[in-house]
Amino acid sequence: MKFIRLIFILLVFFACTNAKTMTIHRSSAGTDLIQPFQKPTDDTIRIAVLSSPNVIGKYAQSVYNVSLATLMALRNEHYEIKRYDLANESAASIAQALDAVHRDNMNAILAPLTLTGAKNLVTLESTISVFIPTVHKRDLPSAPENIAFGAIDYVAQIEALVPYMANSIAIFYDNSNVGNQLKASTEEVFLAHKSEKKKVSSYPVDLKGDNIIAHLSKPSPFNKASIILHIPVVKSAILTSHMTVRGIKEHNILSTQINIDPALLTLTQYQDRKNMILANSLIEFPSNIYESNALMNNDITFDWIQYATSVGIDYLVATLDNTDREYTMRMINAQVIYPVELLRAKEYGFEPITAR
């Protein structure tokens, strides 16, 4: 009996001395610090997540969750990740956060900022590696070399849709900065590629989509036209259902990443979307990163900001460790180059029709 007890005690002691636990600390600034509890090592990497919940809302938390899950997939030990919340995206607020990042000896920053915040960030002197998953390098071509960008390329998606556009297009867009930019890009790309006989009409959609019915009151302008959707999935569902009700015979319905969403399949009837083609850039999913995010209920399959965040963490870890990235998308001029595939919204899912 004594011998059995001795063996049991030795087993417990062995388990306790070799187990790894994870602790969550709350800093004085009210941010989360998560790290494996173990002896400090020289190869520990420390990544800061810098964002303003007041500006990007729920994405502040979801981006942090994706960052943590992706970091756990890439490194099962020797890492720290800390969240730095900004009051806003002003240069002063970002500068204050950068000071804290440097004091904490962080090695890199993932910064899901709007274009306004990114513009303020690039004016501040810092040599730390930064990845901005929400902005395209095209919008900040003179950014310092230590800043990389990971937003998907809506212009490339629009260009991939051009061969499917009729000579007449009707653009429905959110009356916001992003919506106006997408409308302008669509007009520019369309007019540059199509023949002489071409017609463009544009329809701003208000916040709740209340003016959609008014836009469709006369069906004739939309018959045989390509309907371009730069509006979120709920508004797209309202619009396409009313097109069916009004008996509009469009050439087709085209959309970018904004409508690659399972909700499209539940909010619309197949008759409403059977003529729809969508551009998608969320194609590559390394198994370890995908599984780790799935365990934490993160949506890197359809949410492009969460997807770009996982791409960014992978990039920062590879940069710090001087190793190969898990994602194989090229990085050109500090911008991730995403592929584009075209999908049809079928009865039960999205089906590829072409890729490049």
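The values are calculated or read from the model by the stated rules, or taken from the named source; none is laboratory data. Just so it is clear, the structure is predicted and the values come from calculations on it, not from any experiment. Methodologically, a virtual Cβ is constructed for each residue, glycine included, from the backbone with ideal geometry; neighbour enumeration extends over all protein chains shown. Ligands, DNA and RNA are excluded from the accessible area calculation, which covers all protein heavy atoms including side chains. Shrake-Rupley method; radii C 1.70, N 1.55, O 1.52, S 1.80 Å.
Rounded, prolate or oblate: which fits segment 236-277 when a ≥ b ≥ c are the square roots of the eigenvalues of the alpha-carbon gyration tensor, with rounded for a/c under 1.5 and prolate only if a/b beats b/c? Don't skip to the end; give the middle numbers.
Working: a/c = 2.04, a/b = 1.38, b/c = 1.49.
Here segment 236-277 falls in the oblate category.
Counting only Cα, what are the radius of gyration and maximum Cα-Cα distance Dmax of segment 259-352, in Å?
So, for segment 259-352, Rg and Dmax equal 15.5, 51 Å respectively.
Using 0.36 nm per residue, how much length does the chain from Gln181 to Gln96 gain when fully extended, once their Cα-Cα distance is taken away? Each step should come with its number before you reach the end.
Values: separation 85, 0.36 × 85 = 30.60 nm, distance 3.08 nm.
Between Gln181 and Gln96, full extension yields an extra 27.5 nm.
Quantify, in whole percent, the carbon and sulfur part of the accessible surface of the chain (1.4 Å probe; protein heavy atoms only).
Details: 9690 of 17890 Å².
The computed percentage sits at 54.
Could you calculate, for segment 284-333, the ratio of the Cα radius of gyration to the Kirkwood radius, expressed as Rg to Rh? Kindly include the intermediate steps, with their values, before the conclusion.
Numbers: Rg = 11.0 Å, Rh = 11.4 Å.
Radius of gyration relative to Kirkwood radius: 0.97.
For the chain, which DSSP H helices look membrane-span-like by this rule: Cα extent along the axis of 15 Å or more and mean Kyte-Doolittle of at least -1.0?
Those that clear 15 Å and a mean of -1.0 are 2-18, 59-74, 91-103, 177-193, 233-245, 304-321.
At 0.36 nm per residue, minus the direct Cα-Cα distance, what do Arg103 and Asn76 gain on full extension? Give it in nm, one decimal, please.
Numbers: separation 27, 0.36 × 27 = 9.72 nm, distance 2.51 nm.
Full extension of this stretch gives 7.2 nm more.
Pop the C-beta distance of Asn322 and Arg246 into the FRET formula with R0 = 56 Å and round what comes out to the nearest 0.05. Each step should come with its number before you reach the end.
Values: r = 59 Å, r/R0 = 1.05.
For R0 = 56 Å, the calculated efficiency reads 0.40.
Run a plain Debye calculation on the chain (Cα atoms as equal point scatterers, no solvent) and give log10 I(q)/I(0) at q = 0.09, 0.13 Å⁻¹, rounded to two decimals, same order as the q list.
-0.58, -1.03
Only bridges with both residues in the chain count here: give the DSSP antiparallel percent, nearest 5. Don't skip to the end; give the middle numbers.
Details: 19 of 55 bridges.
Of those bridges, close to 35 percent are antiparallel.
Which whole-Hz ³J(HN,Hα) couplings does segment 271-285 yield from phi under the Karplus relation 6.51 cos²θ - 1.76 cosθ + 1.60, θ = phi - 60°, glycine and proline marked x?
4, 6, 10, 5, 9, 9, 10, 10, 9, 9, 10, 8, 10, 8, 9
Which entries in the list Lys119/Lys183; Lys199/Lys274; Lys58/Lys199; Lys58/Lys218; Lys183/Lys346; Lys183/Lys249 go over 31 Å, if you measure between the two C-alpha atoms of each? The partial results should precede the final answer.
Details: Lys119/Lys183 22 Å; Lys199/Lys274 24 Å; Lys58/Lys199 39 Å; Lys58/Lys218 39 Å; Lys183/Lys346 26 Å; Lys183/Lys249 22 Å.
Table pairs above 31 Å Cα-Cα are Lys58/Lys199; Lys58/Lys218.
Binning at 5 angstrom from zero up to the longest distance, how are the C-alpha pair distances of segment 91-249 distributed in percent?
2, 8, 15, 16, 14, 11, 9, 9, 7, 5, 3, 1, 0
Assuming R0 = 30 Å, can you tell me the calculated FRET efficiency for the pair Asn167 and Ser142, based on Cβ-Cβ distance, to the nearest 0.05? Provide the component values of the computation, followed by the final result.
Numbers: r = 38 Å, r/R0 = 1.26.
Efficiency at R0 = 30 Å is approximately 0.20.
Might you tell me the accessible area per residue for segment 112-249, computed with a 1.4 Å probe and given in Å²?
Details: 6480 Å² over 138 residues.
Per-residue value: 47 Å².
If I model a spin label as a point 7 Å beyond the Cα along the Cα-Cβ vector, how far apart are those points for Gln271 and Ala192 in nm?
4.0
Who wins for biggest fluctuation among Ser220, Ser51, Ser93 in a Gaussian network model of the chain, springs between alpha carbons below 10 Å?
Ser220
Cα centroids of segment 274-329 and segment 133-210: how far apart, whole angstrom?
23
Where a Cα-Cα gap under 15 Å defines reach, which aspartates and glutamates qualify for Lys235, not counting those fewer than 8 residues away within the same chain?
Filter leaves Asp174, Asp206, Asp210, Asp261, Asp272.
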